[in-house]
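Visitor: After the structure tokens below, expect a handful of questions from me.
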């Protein structure tokens with residue numbers, strides 16, 4: 001996707017701002033260091049300095065609006081998009097705001113979440129996992145899993161997909177588009193379009209389509225049209241560009257279902273709002289189970305939607321520690337990872353100011369993770385904000401540690417987690433020894449791992 | 001003990017004790033059903049006046065008669081292990097003690113509030129119950145559209161949303177908890193489609209028990225994704241030649257070889273008493289929830305319940321709650337495979353005859369020599385030559401009706417539900433959904449139909465993909481068989 005300048009995407013990608021204006025970027029592009037809107041270490045723009053000063057005065061999650069009227073979380077977020085899309089985004093924001101107070105809409109959505117998606121998802125006390133983390137003296141934290149893996153389609157993604165499809169219907173849009181990498185978001189989108197009888201077009205890189213043939217078939221069976229994208233590296237970034245191009249062209253009839261808390265305002269806010277049910281249920285269930293709040297909440301971070309979904313409810317509860325876990329891939333020093341908040345720098349990607357993995361020339365660094373869902377070079381702007389505020393802490397876990405955690409939960413609890421979720425689970429190895437006896441840890445089990453059994457088996461040699 | 005219920009002046013010839021048998025017990029297990037020189041087993045049974053005779057039940061029972069029969073069966077069940085003349089404990093003597101102990105433990109835990117509390121909590125927090133009763137608007141509209149907007153309202157009981165992806169876990173978890181309570185450390189189970197294997201492996205992992213899953217090699221090929229899941233969950237997966245029925249025989253054999261340590265976790269409502277009753281009890285949560293949800297949603301009961309029938313666990317789980325509600329129609333749908341004319345189907349209640357199989361008297365698919373006919377279906381979980389004795393009973397007293405759906409109809413139903421509701425059902429459940437095509441045109445406007453969506457269909461995506469490719473291929477291919485290659489086996493039941 002290239003809401004911002006073309007130079008911010010990979011060197012061989014096609015630009016996408018207007019359909020007729022596509023031009024090839026040569027394989028050795030000229031350096032745009034002085035021009036690029038993404039901020040490099042050597043030349044911080046004046047505007048960011050001013051923004052930084054302004055934010056210093058309000059380092060307070062409680063008083064700062066998340067987001068403000070411009071879609072900013074502090075200095076992050078915003079709407080870095082071509083003029084053509086501004087109207088659509090404004091319309092979307094207005095529609096969302098009005099529906100947030102529309103009882104009929106809320107009632108319909110609640111009914112669908114209950115009967116179709118299968119909410120509320122349980123808060124499960126992982127007895128054997130807790131036992132595993134007990135120290136020699138028998139003390140240790142209590143580990144609970146928020147079971148988003150039990151949702152229809154097997155992940156948290158459907159919460160947002162279902163709500164956006166309903167929103168699109170309210171807006172009178174009959175056509176839905178989305179992009180997908182490994183296919184999970186595509187399948188979730190195709191699922192809800194089938195449910196609501198909406199036309200569905202999924203853009204997928206041709207290379208990804210080959211690797212994920214069954215997911216492609218699944219989407220088609222669900223009635224979606226899967227359009228192969230051959231440009232660039234024929235993967236997710238290129239599929240995103242195509243999706244944007246489509247949206248720009250068909251904005252009157254079409255709604256773009258963005259799968260995470262990234263992108264231009266109002267998407268980060270909207271997607272968070274549609275996932276916040278996770279945190280709301282957790283609060284209620286925690287009260288029922290132990291009469292209190294969680295002490296620590298842990299979630300994996302790709303774009304950041306499942307984490308925002310569980311964090312949001314507790315951001316203003318200072319006593320609740322919020323921990324996000326990114327993918328360290330082959331190691332933070334290997335250059336093959338997706339640890340945006342640890343290793344990234346601030347810039348604009350996909351329409352929002354946020355941390356992102358970029359080189360000195362502001363070119364996107366190709367991320368790597370064994371799990372497709374965490375394989376994203378950016379991160380939701382709200383996470384960037386929470387990091388800078390110090391409200392949330394962000395760590396990273398390698399592929400190998402994630403695979404170990406995948407195996408551990410399968411063997412100890414009979415729950416096969418998604419490889420994405422396994423990153424959060426792996427962090428428990430480092431976290432639990434530091435926690436006092438009886439600390440309540442809630443981990444967002446964001447998805448099930450049926451889709452990953454083949455990947456894992458190669459590594460785990462079963 | 002095992003032959004007490006048969007009248008003395010006939011014989012069902014059994015294989016003579018074989019002292020060389022590997023398990024050292026001197027018996028082959030399970031028993032083979034054999035005809036006695038021109039007499040069919042069922043006509044022999046009809047001389048037993050202590051149970052309901054075939055002649056009597058063939059006359060159209062008045063409604064109160066049906067209720068009386070059900071009450072009688074329920075009353076005698078725990079004493080005799082029989083549903084009318086079906087069921088029983090046709091096992092070698094060595095196993096009788098074990099089964100009696102199992103029965104008494106089962107009775108104890110059913111009345112133990114602590115056990116029930118733990119089980120409820122596990123069903124809620126681990127399995128994800130209660131499962132929703134979902135109004136399938138677009139599916140309903142689809143069937144209404146061919147009748148000018150009139151037709152039944154179709155609801156799906158979403159057992160596909162359970163942990164593990166099917167209803168199997170309701171029973172697997174409860175029995176694993178029972179096994180643990182009995183002090184067993186190791187569980188052995190047989191699985192067909194793999195769902196019961198996955199559920200058992202998951203439950204054993206959670207309860208820190210050893211787990212051995214036995215699966216037929218033909219099934220392992222067709223449901224390979226489930227095999228991977230079981231291995232990830234820490235189970236040992238053993239292959240035997242054949243399919244589910246062969247796996248079941250082997251699992252029971254393994255159990256018999258180590259009765260002190262091992263627990264045989266029956267996945268479905270077949271086998272010797274108390275297995276069918278136990279499995280039915282643990283699955284009956286499905287029907288109990290459905291009753292309450294129906295009351296909440298439309299202030300009444302379902303008019304029709306539809307479920308697929310392999311051995312019968314999901315059907316019984318749904319039906320049991322409503323068996324005394326005579327205004328609720330109970331419909332089971334079996335697998336007609338590639339067609340009812342040949343032998344490539346699994347329609348036991350439609351085409352079977354009564355005999356003894358895996359320890360119980362029930363309908364089964366057998367040839368004129370009493371050899372088991374290897375069943376076939378694209379829904380691997382429906383491939384069982386026998387059926388629950390309780391369903392055999394319900395068929396006999398005409399409390400439930402049984403129909404069939406072919407492979408093709410099921411595959412088309414799978415695709416239809418995907419397209420209309422974004423739900424991919426298991427191919428087994430798709431058989432129940434396929435029957436809606438015949439059922440809905442006959443129902444009055446607004447009738448409430450509840451279909452048990454017993455599992456999700458991720459495991460079947462490859463099968464469906466191949467079928468669609470063949471279907472969209474050359475026209476000449478349409479007349480050929482459209483399902484993956486499967487050899488039917490006339491394996492002697494040992």
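Derivation of every value follows stated rules applied to the coordinates shown; laboratory data play no part. These numbers come from a predicted model, not from an experiment. Here the Cβ is made from the backbone with ideal geometry for all residues, glycine too, and neighbour counts use every protein chain on show.
Visitor: Give the Kirkwood hydrodynamic radius (Å, one decimal) of region B:103-197, defined as one over the mean of 1/r across all pairs of different Cα atoms.
Guide: The answer is 16.0 Å.
Visitor: Report, to one decimal in Å, the Kirkwood hydrodynamic radius for region A:77-180 based on all distinct Cα pairs.
Guide: Roughly 17.1 Å, rounded to one decimal.
Visitor: Calculate log10 I(q)/I(0) of region A:127-174 for q = 0.15, 0.28, 0.30, 0.32 Å⁻¹, where I(q) comes from the Debye formula with a single equal point scatterer on each Cα and nothing for solvent.
Guide: Normalising to I(0) and taking log10 leaves -0.59, -0.93, -0.99, -1.04.
Visitor: Follow-up. Per residue and in Å³, how big is the convex hull formed by the alpha-carbon atoms of region A:190-247?
Guide: Numbers: hull volume 3.9 nm³, N = 58.
Each residue corresponds to 66 Å³ of Cα convex hull volume.
Visitor: On C-alpha positions alone, give me the angle between the axis of helix A:277-290 and the longest principal axis of chain A, in degrees, nearest 10.
Guide: Result, in degrees: 10.
Visitor: Measuring from label point to label point, each 7 Å out along Cα→Cβ, what is the residue B:137 to residue B:79 span in nm?
Guide: Rounded to a tenth, the inter-label distance reads 5.4 nm.
Visitor: Here's another thing I want to ask about it. Using a 7 Å offset from Cα along Cα-Cβ at residue B:71, what residues in region B:269-285 end up with backbone N under 16 Å from the label point?
Guide: none
Visitor: Another one. Going by how many other beta carbons lie within 10 Å of each one, how would you line up B:278, B:209, fewest first?
Guide: So the residues, fewest neighbours to most, are B:209, B:278.
Visitor: Average projected area of the Cα convex hull of region B:202-354, in nm²? Walk me through the numbers before you get to the answer.
Guide: On the way: hull surface 47.7 nm².
If I average the Cα hull's projected area over directions, I get 11.9 nm².
Visitor: Ordered by packing density, taken as the mean number of other Cβ atoms within 10 Å over each peptide's residues, highest first, how do A:151-157, A:334-340 rank?
Guide: Put in order of decreasing packing, that is A:151-157, A:334-340.
Visitor: While we're here: Compute the relative contact order of region A:346-462 as a whole-number percentage, counting only Cα pairs closer than 8 Å that sit 6 or more residues apart in sequence.
Guide: Relative contact order comes out at 18 percent.
Visitor: So, one more: Of all the C-alpha pairs in region B:387-445, what % are more than 19 Å from each other?
Guide: Distances greater than 19 Å cover 44 percent of the Cα pairs.
Visitor: Hey, another quick one. Roughly what angle does helix A:157-170 make with the longest principal axis of chain A, taking Cα atoms, 0 to 90 degrees, to the nearest 10?
Guide: Helix A:157-170 sits roughly 50 degrees off the main axis of chain A.
Visitor: Set the Förster distance to 56 Å, then compute FRET efficiency between residue A:361 and residue B:185 from the Cβ-Cβ distance, nearest 0.05.
Guide: Numbers: r = 62 Å, r/R0 = 1.11.
That pair, residue A:361 with residue B:185, gives E of 0.35.
Visitor: Okay, moving on. How large is the Kirkwood hydrodynamic radius of region A:113-236, in angstrom, based on all distinct alpha carbon pairs? Walk me through the numbers on the way to the answer.
Guide: Values: mean 1/r = 0.0610 Å⁻¹.
It works out to 16.4 Å.
Visitor: Let's test the formula: R0 of 51 Å, r as the Cβ-Cβ distance of residue B:97 and residue B:368. What FRET efficiency results, to the nearest 0.05?
Guide: Calculated transfer efficiency: 0.90.
Visitor: Applying 1/(1 + (r/R0)^6) with R0 = 45 Å to the Cβ-Cβ distance of residue A:69 and residue A:289, what FRET efficiency is obtained, to the nearest 0.05?
Guide: Efficiency computed from Cβ-Cβ geometry: 0.70.
Visitor: Follow-up question, since we're still on this one. May I ask you to order A:293-303, B:284-294 by the average number of other C-beta atoms within 10 Å around their residues, highest value first?
Guide: A:293-303, B:284-294
Visitor: Here's something else I'd like to know. Could you work out the pair-distance distribution P(r) of region A:292-421 from its alpha-carbon pairs, with 5 angstrom bin width and percents rounded to whole numbers?
Guide: Pair shares across the bins are 2, 11, 21, 21, 20, 14, 8, 3, 1, 0.
Visitor: If you don't mind, there's one more thing I want to ask. Return the Cα extents of region A:369-462 along principal axes one, two and three, sorted largest first, each rounded to a whole Å.
Guide: Here the Cα extents, ordered largest to smallest, are 44, 37, 18 Å.
Visitor: Shifting gears a bit: As a footprinting exposure proxy, order A:452, B:460, B:125 by other Cβ within 10 Å, with the fewest listed first.
Guide: With the fewest neighbours first, A:452, B:460, B:125 line up as B:125, A:452, B:460.
Visitor: Divide the volume of the convex hull of the Cα atoms of region B:285-374 by its number of residues and quote the answer in cubic angstrom per residue. Please list the in-between numbers first.
Guide: Details: hull volume 10.4 nm³, N = 90.
Spelled out: Cα convex hull of region B:285-374, divided by residues, is 116 Å³.
Visitor: Compute the separation of the alpha-carbon centres of region A:155-207 and region A:274-301 and state it in Å as a whole number.
Guide: Between the Cα centre of region A:155-207 and that of region A:274-301, the gap is 27 Å.
Visitor: What is the P(r) of chain A, as percent of Cα-Cα pairs per 10 Å bin from 0?
Guide: For chain A, the pair-distance distribution reads 4, 21, 33, 27, 12, 2, 0.
Visitor: While we're on this one: Can you give the Rg and Dmax of region A:253-337 based on its C-alpha atoms, in angstrom?
Guide: 15.4, 49
Visitor: Test of understanding: extend the Cα→C-beta vector of residue A:460 to 7 Å, then name every residue of region B:137-169 with backbone N under 14 Å from that spot.
Guide: Counting backbone N atoms under 14 Å from the label point, the list is empty.
Visitor: In nm, give the distance between the simple-model label positions of residue A:225 and residue A:342, each being 7 Å from the Cα along the Cα-to-Cβ direction.
Guide: Modelled inter-label distance: 4.3 nm.
Visitor: Can you tell me the mean projection area, over all orientations, of the convex hull of region B:119-173's alpha carbons? Units nm², please.
Guide: 4.2
Visitor: What's the Cα-based Rg to Rh of region A:345-412, Rh via Kirkwood?
Guide: 1.06
Visitor: Sticking with this structure for a sec: Round to the nearest 10 and give me the degree value, 0 to 90, for the angle of helix A:46-56's Cα axis relative to the longest principal axis of chain A.
Guide: Compared with the principal axis, the helix lies near 30 degrees.
Visitor: Here's another thing I want to ask about it. Which order do the peptides A:378-386, B:420-428 come out in when sorted by mean C-beta neighbours inside 10 angstrom, highest first?
Guide: A:378-386, B:420-428
Visitor: Which number do you get for Rg(Cα) / (2.2 N^0.38 Å) in region A:199-357?
Guide: That ratio works out to 1.23.
Visitor: Here's something else I'd like to know. Going by how many other Cβ atoms sit within 10 Å of their own, how do A:445, A:193 line up, fewest first?
Guide: Ranking A:445, A:193 by Cβ neighbours within 10 Å, fewest first, gives A:193, A:445.
Visitor: Something else: Is there a simple number for the mean count of other chain Cβ atoms within 10 Å of the Cβ of residues in A:411-420, and what is it?
Guide: 5
Visitor: What does the structure give for B:415-424 when I average, per residue, the other chain Cβ atoms found within 10 Å of the residue Cβ? Numbers along the way, then the final one.
Guide: On the way: counts 3, 0, 1, 8, 7, 5, 5, 19, 7, 7.
Per residue, the average neighbour count from other chains is 6.
Visitor: Here's a follow-up. Under the definition of partner shielding as Cβ atoms of other protein chains within 10 Å of a residue Cβ, what is the mean value for peptide A:122-132?
Guide: Across A:122-132, the average partner-chain Cβ count within 10 Å equals 3.
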